[in-house]
Amino acid sequence: MAVKATPSGSIFEAAGLEKKFDDGQVQALRGVTFRIQPGEFVAITGQSGCGKTTLLQMLGALDSPTAGTLLYRGKSIPDLPDPSAYRAREIGFIFQAFHLLPTFTALENVQIPMFEGDLPIPERKNRAISLLKSVGLEHRLHHLPAKLSGGERQRVAIARSLANRPSVLLADEPTGNLDSENAGLTLELLGRLHREQNMTLVLVTHDTGIARSAVRTIHMKDGRIVSDGEPAVTAS
Amino acid sequence: MTLFTIVVRGLIRRPVRTSLTLVGISIGIAAVVALVGISRGFSKSWENGMKARGTDVVVSNMGSSLTPKPFDASVCDRIAHLPNVAATCPILVDLMSVETAQMMMVSAREWGGFSWDNLKVIAGRMPHDAREQAVVLGSTAAEMLKKKVGDPIQIDTAELTVVGIVDGHAWVENSAVILSLPVFQEITGNQGKINIIDVRATPPASSQEVEALCQQIDKLVPEGRAMPAAEHIGNSQAYRVVQAMSWGTSLLAVLVGVLGVMNTMLMTVFERTQEICVLLALGWRRGRIVRMVLWESALLGLLGGVAGVLLGAVGVKILGETPAIRGLLEPDVSPSLLATSVAIAVGVGVISGLYPAWRSSRLAPSRALQG
């Protein structure tokens, strides 16, 4: 999981990001500017509707900004020639509702993103086993999601997000559907991944308590950044 | 785990819906197998009958009916004098109700003509002469009519005697009531009339020579049309209508199958919108999503096709044994028809999956984060 340096040193760089919906009647992002360095653990916080999930979608090339620039290692994300390859190889997604495929076992779910990776088919299973072991689920390999607890499902989802050894993990309210005990365990796991693998981690949450586990917090309100844990970047 | 694993899981997650869709496709394909098999079988049976009689050219006027129209028997003499004709045999054939059989082929042949030569007596004997009020029955016909040698048989208004049971080496021959031409002409009031002339070309006759002979006969005999024996039935207008109706009905059934698969696949895409968006968010290319949907619908088509072929083959077998058509048809459920039917089913699957696949490819991956 080597993280390359870019001329600016940032892995993500956003400047004046705007996002409008419904022919401009709804403005989700208003001039958002920030930088994220490789290996940072950043929490994006704010109340529902503040634009944090929209921002996460843009970082993951799931949506495009209406205006402004958004770079990944110096390259414009909206102009990527192959957004699928970017999502498959550079980004690991963790969703609030886990989004595991219900008819596939934990082991199979972890292999799903590997279809777009470069790993030969016979080796996919071994990597999936190894990833599930790393999240403490070696005893649940062949269980369907319905047979797993909420915490276990999220751990499977985390293992899945690591399937293609991405540089960045993007997590959308990863503890939103978990009880406090499992939320703590999940945050601990994400923190460990960040520390041990020097992985860039961007976590979206409305819970300021959870955001405290991050090294840096970007707080948003009405589509704007109102505070940023990194003093060098000024909220617009 | 491969894409195929995902495709199969996609189908088995909704077993009832998948099964009902398979039933829909299989009925369509069974209709193709049954109807086309029967119409082809009719043609093949007729062709085999001609081969068994050693006929190279058939002169008749099929028109739009299933049996040819009668014409004057003297035509036969004109053909017999052509240089490449080795032998002729005038015949009067009709499809008619015979006792318990609703429809049976009655074939009256010139006594002593070569069209008697292929008949091998299994029981009894051949008629003694052209005027004997007797018939021989093909083995299947005897079985259908439950007749044995010595039994009386009612043909139209006349009562004749079954004097022999024969093996004609072909389905149509074995399913026929065979008798001498003048006897049948008298029974049906067609004195001096025939409706088929079997012509044997001077051997060895190549297909080009047979074609040339047909052209010669056509010039000589405006009352009928000469065709190589193998093409005779296939060129009849009635057979073409039957064949067109078979394909038309089959394709209608297949169209219902197409709509069934399309509905299933659209439902699948709608139900799995979130899942497809998640796959897109995880980096799956749209092309892979399209392939996944198309493979699913193609697999539905394949399974429905195999089930339909089995259903059709069994159905045709049962149909062939029903009293109304037993002995009349020898369905031709050939491997090529079965393979074509399965190919049609797979094609149905792929075509039905195109629109759902296109719909799935238009989904926005950002929906993965909504809900």
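The values are calculated or read from the model by the stated rules, or taken from the named source; none is laboratory data. Please read all numbers here as calculations on a predicted model, not as lab measurements. Cβ placement follows ideal geometry from the backbone for every residue including glycine, while neighbour counts extend to all protein chains displayed.
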Meets criteria (assigned to a loop (DSSP other than H, G, I, E, B) and either modelled with pLDDT of 95 or more or within 8 Å of another protein chain (Cβ to nearest Cβ) (or both)) for A:P65: no
Selection from the range B:27-61 of residues that are buried (at least 23 other Cβ atoms within 10 Å of the Cβ), over 18 Å from the mean Cα position of the chain (by Cα) and not acidic (D, E): B:R53, B:T55, B:V57, B:V58, B:V59, B:S60
So A:V215, is it modelled with pLDDT under 90 and not basic (K, R): yes
Single residue of A:R127, A:R89 found to be surrounded by fewer than 24 Cβ atoms within 10 Å (Cβ to Cβ), among the basic types (K, R) and within 16 Å of the chain's Cα centre (by Cα): A:R89
When residues of the range B:4-55 are limited to those that are within 14 Å of another protein chain (Cβ to nearest Cβ) and among the polar types (S, T, N, Q), the one farthest from B:V348 (Cα to Cα): B:T5
Some residue of the range A:70-82 being within 11 Å of another protein chain (Cβ to nearest Cβ) and crowded, with 18+ Cβ neighbours inside 10 Å: no
Residue check, A:L29 aliphatic (A, V, I, L, M) and more than 12 Å from chain B (Cβ to nearest Cβ): yes
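Conditions tested, residue by residue: (1) within 12 Å of another protein chain (Cβ to nearest Cβ); (2) within 21 Å of A:M199 (Cα to Cα); (3) part of a helix (DSSP H, G or I).
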| position | (1), (2), (3) |
| --- | --- |
| A:F98 | yes, yes, no |
| A:V110 | yes, yes, yes |
| A:P113 | yes, yes, yes |
| A:P122 | yes, no, yes |
| A:L132 | no, yes, yes |
| A:A163 | yes, yes, no |
| A:A171 | yes, yes, no |
Elements of type strands (runs of 3 or more DSSP E) contained in the range B:49-162, each with 1 or more residues being closer than 30 Å to B:I217 by Cα: B:57-60, B:85-98, B:101-109
Residue within the range B:2-23 that is within 15 Å of B:S334 (Cα to Cα), touching a residue at least 12 places away in the same chain (Cβ under 8 Å) and of a type outside the set (K, R) present: no
Residue within the range A:175-198 that is within 14 Å of another protein chain (Cβ to nearest Cβ) and buried (at least 21 other Cβ atoms within 10 Å of the Cβ) present: no
Meets criteria (surrounded by 20 or more Cβ atoms within 10 Å (Cβ to Cβ), among the aliphatic types (A, V, I, L, M), without any contact (Cβ under 8 Å) to a residue 24 or more places away in the chain and at negative phi) for B:A142: yes
Of the criteria (1) away from every other protein chain (no Cβ under 14 Å); (2) in a loop (DSSP other than H, G, I, E, B); (3) not basic (K, R), which one B:M1 fails: (1)
